[in-house]
Amino acid sequence: MFDDLSALTGRALRKWIRNPAAVLPGFFTALFYLALFGNSFNPTSLIPSNMGGFQLTPAELLSIKSSILTQTFQGAATYISYLTAGIICLILVFNMAFGGIDLVLDRQLGFLSTLLTAPISRGSIYFSGVAQNMIKAMSLAFLTFLIAILLPDGLILGKGFGVLNFIGIFGAFALLAFGLSCVFTALALSVRAIDSLVAIVNFATFPLVFTSTALFPGAGFPSWLLAISNENPITKATDSARLLMVNGVLSSSQLSTLEWDIAYLVVFAAVMAIVGYIAARKALAPV
Amino acid sequence: MPPIIEAEHLTKFYPPKTKAVEDVSFSVDEGEVFGFLGPNGAGKTTTIKMLTTLASITSGKAKVAGFDVAHDPSAVRRSIGVVPQELTADDELKGNENLVLAAKLHHVPRSEVPGRVKDLLKLFDLEEAANRRVRTFSGGMRRRLQMAMGLVHSPKVMFLDEPTLGLDVQTRTKVWDYITRLNHDRGLTVFMTTHYLEEADGLCDRIAIIDHGAIKVSDSPAHLKEKFGGDVLSISMSGDTDLSEFLRTVPDVSDVTREGRVYKMKLPRTERALPVIIEGVTSRGLAITEISFSRPKLDDVFLEVTGRSMREDEGGGQDSWVQNLNLERQAS
């Protein structure tokens, strides 16, 4: 099965790398998301230097902004420091969701039938879909992380940030990406038309994103939305990665929260893998 | 020698009430080229899908290369090569990369892959294009690559679904040549569907005509033409003596008509009756001034069996941008 998986994943990645139209937009999306959302959503930029006739000094203004970031944005040194984890999750979600288009095309153009008449396991077809989307999306995640660091007023990593933080951050992203990829790959193998896939994906992704803390802190959510958000895997991945980015060294309570969130993501990934595999087997069975 | 493909009472039912194939039975011997003909929607593709494990069998039984299609699909897949109607070689990969991918997916031992790829590129005259991306290939080159991909694991049986669809006459003839060579040189069993009756006539040892999900006839092209058509012989005489009565007495001759000195008649095989006719004419002091005959075509058989000609059925099938894309790929 591993040979089949690597052959199919290799094919997809080779196509991806050779197609600049598929790779470059990913780079610019990351840049635009960070630059646009990082500025337009930044609430600290709304604080006027003159409040009711009281002129704030630059130091006072900075202090107020810093205080807001610390209290509301989990101690992030800059707004982009807060936003980066959410933007990366957003990129992961959309790449996973629309990554299945290639599989629908493979079905429509007959390539999938060719695979189904080859002596390979159905699991390798499914997991190669999962793997190729994950590799593509995780590459973009890493690129976005680098762009965020290089941007002016960009991502400032917490003091004491080390290799373990990095592993934790990308581990959380990978678990989210894997879980989502399992679901969306199974969906892509089940539908016959790109239109259907796009419609379902649009229906599913926006609520997923906007009920999470990817772009906004949960503190501002009404209680019902907070309850939903707390069970959203995007929230778990975002919060875990954000915690590890913003705080280099974690306190014991932060570590405990992180452990629970990661455990949640592990269960999420495992359940999605099983559900997706069952759905994919059904979709690939002879009709 | 046992047949390499056996289908017994194959039936395929798509809910709620579409019977795509009904009680189809046939067998294909090892080393045979077997043609499966029929109008669009007759059940050809469904039958191929069942035999290649792509579709489940509602009832009946099928064996390919000795393995039960329903119970041992993996063994069947190891024994077959499938060249579908669609051009499924990956546009973004190079010619040789597509072949290597096909070899890997059919578990060809790693050490044998380069040699087989090289051999197949040579066999299908694709050596010069091996390092080019497939999107730069012409329709004929894509089809040849597709056939090479179907052969990379040295299958026992090759399924070809409309192997020359959309190709120009010259390329079509080349593909015929490849099929003949594979059959003769490698003893490959070929199961093919085609819309081109002259293709089936020239290539196939036996053909089956399927219509409305059931096989109507199955035999060698020559026997079918003999059974359903027969030659039309036309002879012109030197004198005015009426030979109609004599001609009607010649064994196998039928439908004798006369227009002046020209007689037309139907007979199963001209070469068998002609000496008798010549002898009868000369013994009556007459001479034949002109002689011609036309052989029946599979079109006549098809028309007789299905009630319509194959050409009336061309152009159906997939009606989507995917088909257009495939046609564009074939035409490029």
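Each row is one residue, and each column tells you yes or no for (1) out of contact with any helix residue (DSSP H, G or I) (no Cβ under 7 Å at 6 or more places or on another chain); (2) within 20 Å of A:I120 (Cβ to Cβ); (3) not acidic (D, E).
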{"site": "B:I57", "(1), (2), (3)": "no, no, yes"}
{"site": "B:K63", "(1), (2), (3)": "yes, no, yes"}
{"site": "B:F67", "(1), (2), (3)": "no, yes, yes"}
{"site": "B:H71", "(1), (2), (3)": "yes, yes, yes"}
{"site": "B:I80", "(1), (2), (3)": "yes, yes, yes"}
{"site": "B:V83", "(1), (2), (3)": "no, yes, yes"}
{"site": "B:A89", "(1), (2), (3)": "no, yes, yes"}
{"site": "B:L93", "(1), (2), (3)": "no, yes, yes"}
Exercise for the section: Within the range A:1-59, work out how many residues are under 27 Å from A:S81 (Cβ atoms) and either hydroxyl-bearing (S, T, Y) or in contact with an Asp or Glu (Cβ under 7 Å, 6 or more places away or on another chain) (or both). Expected result: 7
Exercise for the section: State the number of residues belonging to the range B:5-43 that are under 20 Å from B:L188 (Cβ atoms) and open to solvent by 10 Å² or more (accessible area, probe 1.4 Å). Expected result: 7
Practice task
Only residues that are touching a helix residue (DSSP H, G or I) at 6+ places or on another chain (Cβ under 7 Å) and within 7 Å of chain B (Cβ to nearest Cβ): list them for the range A:1-16, please.
Solution key: A:D3, A:D4, A:A7, A:R11
Exercise for the section: Working carefully through the options B:E245, B:E259, B:E226, find the one that is modelled with pLDDT under 85 and either surrounded by fewer than 19 Cβ atoms within 10 Å (Cβ to Cβ) or at positive phi (or both). Expected result: B:E226
Handout entry: Of all residues in the range B:58-94 being open to solvent by 40 Å² or more (accessible area, probe 1.4 Å) and assigned to a loop (DSSP other than H, G, I, E, B), the one that is farthest from the other protein chains (Cβ to nearest Cβ)
Key = B:G66
Practice task
Would you check if A:I91 is farther than 30 Å from A:N202 by Cα, at pLDDT 80 or above and under 24 Å from the mean Cα position of the chain (by Cα)?
Solution key: no
Fill in the blank from the handout: How many residues of the range B:249-277 are closer than 22 Å to B:R295 by Cβ and without any contact (Cβ under 8 Å) to a residue 40 or more places away in the chain? The answer is 20
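One line per residue, one yes/no per condition, for (1) on the phi > 0 side of the Ramachandran plot; (2) outside any helix (DSSP H, G or I); (3) within 14 Å of another protein chain (Cβ to nearest Cβ); (4) not small (G, A, S):
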{"residue": "B:N96", "(1), (2), (3), (4)": "no, no, yes, yes"}
{"residue": "B:A102", "(1), (2), (3), (4)": "no, no, yes, no"}
{"residue": "B:G115", "(1), (2), (3), (4)": "no, no, no, no"}
{"residue": "B:D125", "(1), (2), (3), (4)": "yes, yes, no, yes"}
{"residue": "B:H153", "(1), (2), (3), (4)": "no, yes, yes, yes"}
{"residue": "B:F159", "(1), (2), (3), (4)": "no, yes, yes, yes"}
Problem - Qualifying helices (runs of 4 or more DSSP H) (wholly inside the range A:51-140; at least 1 residues being free of Cβ contacts under 8 Å to residues at least 12 places away in the same chain, away from every other protein chain (no Cβ under 14 Å) and open to solvent by 20 Å² or more (accessible area, probe 1.4 Å)) - result: A:58-72
Problem - Given (1) touching a Pro at 6+ places or on another chain (Cβ under 8 Å); (2) polar (S, T, N, Q); (3) within 14 Å of chain B (Cβ to nearest Cβ), number of the condition A:N19 does not satisfy - result: (1)
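Residue-by-condition table, conditions (1) crowded, with 18+ Cβ neighbours inside 10 Å; (2) of a type in the set (D, E); (3) closer than 21 Å to A:A118 by Cβ:
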residue: B:V100; (1), (2), (3): yes, no, yes
residue: B:H107; (1), (2), (3): no, no, yes
residue: B:S111; (1), (2), (3): no, no, yes
residue: B:G115; (1), (2), (3): no, no, yes
residue: B:L120; (1), (2), (3): yes, no, yes
residue: B:A129; (1), (2), (3): yes, no, no
residue: B:R135; (1), (2), (3): no, no, no
Completion exercise
Within the range A:141-173, the count of residues that are in a helix (DSSP H, G or I), of a type in the set (G, A, S) and surrounded by fewer than 20 Cβ atoms within 10 Å (Cβ to Cβ) comes to 2
Problem - Qualifying position, being of a type in the set (G, A, S), under 21 Å from B:V83 (Cβ atoms) and open to solvent by less than 50 Å² (accessible area, probe 1.4 Å), among B:G187, B:G213 - result: B:G187
Exercise for the section: For the range B:32-41, indicate whether the set of residues that are within 12 Å of chain A (Cβ to nearest Cβ) and not polar (S, T, N, Q) is non-empty. Expected result: no
Practice task
Looking only at the range A:161-174, decide whether some residue is touching a Phe, Trp or Tyr at 6+ places or on another chain (Cβ under 7 Å), in contact (Cβ under 8 Å) with a residue 12 or more places away in the chain and not aromatic (F, W, Y).
Solution key: no
Practice task
Would you kindly identify the strands (runs of 3 or more DSSP E) lying entirely within the range B:1-48 that contain at least 3 residues that are under 23 Å from B:T164 (Cα atoms)?
Solution key: B:33-37
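The values are calculated or read from the model by the stated rules, or taken from the named source; none is laboratory data. These numbers were taken from a predicted model, which means no experiment stands behind them. A quick note on method: Cβ atoms are made from the backbone with ideal geometry, for glycine too, and the neighbour counts reach across all protein chains shown. Quick note on the areas: whole protein, heavy atoms, side chains included, nothing else; ligands and nucleic acids left out. Shrake-Rupley method; radii C 1.70, N 1.55, O 1.52, S 1.80 Å.
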